[in-house]
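Working notes, structure below.
The values are calculated or read from the model by the stated rules, or taken from the named source; none is laboratory data. Because the structure is predicted, anything quoted here is derived from the model rather than measured. Because the Cβ atoms are built from the backbone with ideal geometry, glycine has one as well, and the counts that use them run over all protein chains shown. Side chains are part of the model used for accessible areas, which takes the heavy atoms of the whole protein and leaves out ligands, DNA and RNA. Shrake-Rupley method; radii C 1.70, N 1.55, O 1.52, S 1.80 Å.
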Amino acid sequence: MPDISRRHLFRVSGAGLLTLASGSALGACTGSGSPSAAGGDADTGKVTVWSWTTAAEALRGVVPAFEKDNPGITVDVRDVGNPAIWDKITVGMASGGQGLADVLHIGCDYFPGYVEKFPGGLADLSALGAGTHKDRFAKGLWPTVLDEDGKARALPWEVNPLGFFYRKDMFDKAGLDPTAFATWDDVVDAAEDFKAANPGAYLIGLNKPASPGPDCDFLQALMQLQGAFYFDLDGNITLGSDEAVRALTIIKRLDDAGLIGDSSGEQGWSKLVSANKVAVAPLAAWAAHYMEDQFPDQSGKWRLTRPPAVTDGGKRSAIVNSTYLTVAGSSPRQKAAWKFVEYALTRPRSMNDMFDSGGVFPALSAAYDDPMYAEERPYYGGQAVLRTFTGLLDDGADATYYSGDFARALKLASDAQVKVLVKGGDPEAVLQDAAEQLAQQTRRSLA
């Protein structure tokens, strides 16, 4: 899968990052997260925001209009960098919120860990009115911003529905129509015709030995298409579930059929794609711009359709990741910070301006009424690919719970995948072993 993906933007830099604060450090966070407890009732002043790269630039674009409409509040958006932002947030929370910005941009796999490990570290946005917006975001997102008490600790910013990008020219050679693939079984069944027409090419590129790091985006996507993940919504371990076994079995069958090319090494996936050796990219909405930018010489050759289901009649939509804006529980300006978060993330114009400048696909459903989503894109043969993605969101998707132990789960899932692809392991056996190891490491229950 891609070397530079949205998952890489959120990927944990070390399995122990979120476990560095334990014991007394967890209780160091000040207040309960409510404005009054944290002294965060100021509704004017300077609000600082931490984000990274193009997302930070996109947020800066909202500031002039916000400051004009909210006299007395100024906003300073800082590009902290990635992965540096995760270290800064973690260290800040472990020290009781000292030095944190007022507004924090957090990825879907870090957010649950912060909520679980640092009570009060993130403000209670329900107390500030966040609940009035719960039905305005893509289906499946709202449960992911709630703590165990049902309080909103963030608002969704970015959503990434899964798509199925494919090389039309390569499938045309084989007389195959990917839009007719109902399940991944259909994809596997097309192996011989595809290979005969495209010698030396593969359907998918995957980092088989996990070098230089884990490559589980595809595995996770296949699980999410079934409404499953490494954990259920109660935090129980589902890494060894039937859904996980079906997902890894599909990967094994694709590999056994000679349809997976090894994309290990730095820029391995990009090199395969550039060499016209990859015909399918099961990627999320962020990739619509990425593919155009990275492989301009393949303009007109790619198309997009909905991903095949894992089982007959199964779902063909999944939200594979997301990001949020939240307010630090230690902020003395929680009301002012919330005003900025609400302004940026609940107004279609600001969301689309940020999408246009930073490639952050909006979680706000009302944003999709903008004509830009119906624009035909030459790179995709005149397809309105953004409308395909919004259609997938209309179908609905299940919420994914990453938990504070995602890093451990990712490592074990990656090890299991390597055992299957490199050592010929049995998907059910290696995943059951991985699930048991995860239970031992985390003291979570097996579902």
Review point. Between T74 and S299, what is the label-to-label distance in nm when each label sits 7 Å out along the Cα-to-Cβ direction?
Key: 4.3 nm
Practice item. Springs between alpha-carbon atoms under 10 Å, Gaussian network over the chain: tell me which of P199, P119, P308 tops the mean-square fluctuations. Key: P199
Revision key, fill the gap. At R0 = 51 Å the Cβ-Cβ FRET efficiency linking D87 and D193, nearest 0.05, sits at 0.55
Point to revise | the chain: most fluctuating residue of P161, P143, P307 per GNM, C-alpha cutoff 10 Å | key: P143
Practice item. Please work out the average accessible area per residue across region 244-354, using the 1.4 Å probe convention, and give it in Å². Key: 33 Å²
Review point. Got a sec? Charge dipole of the chain, +1 on Cβ for Lys and Arg, -1 for Asp and Glu; which of A367, V418, P71 is way out at the positive end?
Key: P71
Practice item. For T54 and D426, compute 0.36 nm times the residue count separating them, minus their Cα-Cα distance, and round to one decimal in nm. Key: 129.8 nm
Exercise for review: Please work out how much length the chain gains when fully extended from D312 to N236, using 0.36 nm per residue of separation minus the C-alpha to C-alpha distance, in nm with one decimal.
Suggested key: 24.7 nm
Check your understanding: In region 268-369, carbon and sulfur make up what percent of the accessible area (probe 1.4 Å)?
Key -> 42 percent
Review point. Considering the chain as a Gaussian network with a 10 Å cut-off on Cα pairs, which listed residue, A196, A281, A309, attains the greatest mean-square fluctuation?
Key: A196
**Study point:** Accessible surface of R306 - all protein chains present, 1.4 Å probe, nearest 10 Å²
**Key:** 80 Å²
Exercise for review: Return a whole-number percent for the relative contact order of the chain, with Cα pairs under 8 Å and 6 or more residues apart as the contact set.
Suggested key: 28 percent
Point to revise | Surrounding net charge for G81, when Lys and Arg each add one and Asp and Glu each subtract one, Cβ distance under 14 Å | key: -1
Exercise for review: Go through K139/K252; K151/K335; K195/K277; K139/K335 and tell me which ones have a Cα-Cα distance over 20 Å in this structure.
Suggested key: K139/K252; K139/K335
**Study point:** Per residue accessible area of region 103-204, 1.4 Å probe, in Å²
**Key:** 34 Å²
Point to revise | Nitroxide proxy distance, nm - points 7 Å out along Cα→Cβ at K173 and A275 | key: 1.5 nm
**Study point:** Backbone HN-Hα couplings from phi across region 349-364 [Karplus 6.51/-1.76/1.60, Hz, Gly and Pro as x]
**Key:** 5, 5, 5, 6, 4, 5, 4, 5, 8, x, x, 8, 5, x, 7, 6
**Study point:** the chain: antiparallel DSSP beta bridges as a percent of all, rounded to 5
**Key:** 60 percent
Point to revise | Nearest-20 debye value, the chain charge dipole, Cβ charges on Lys, Arg, Asp, Glu | key: 620 debye
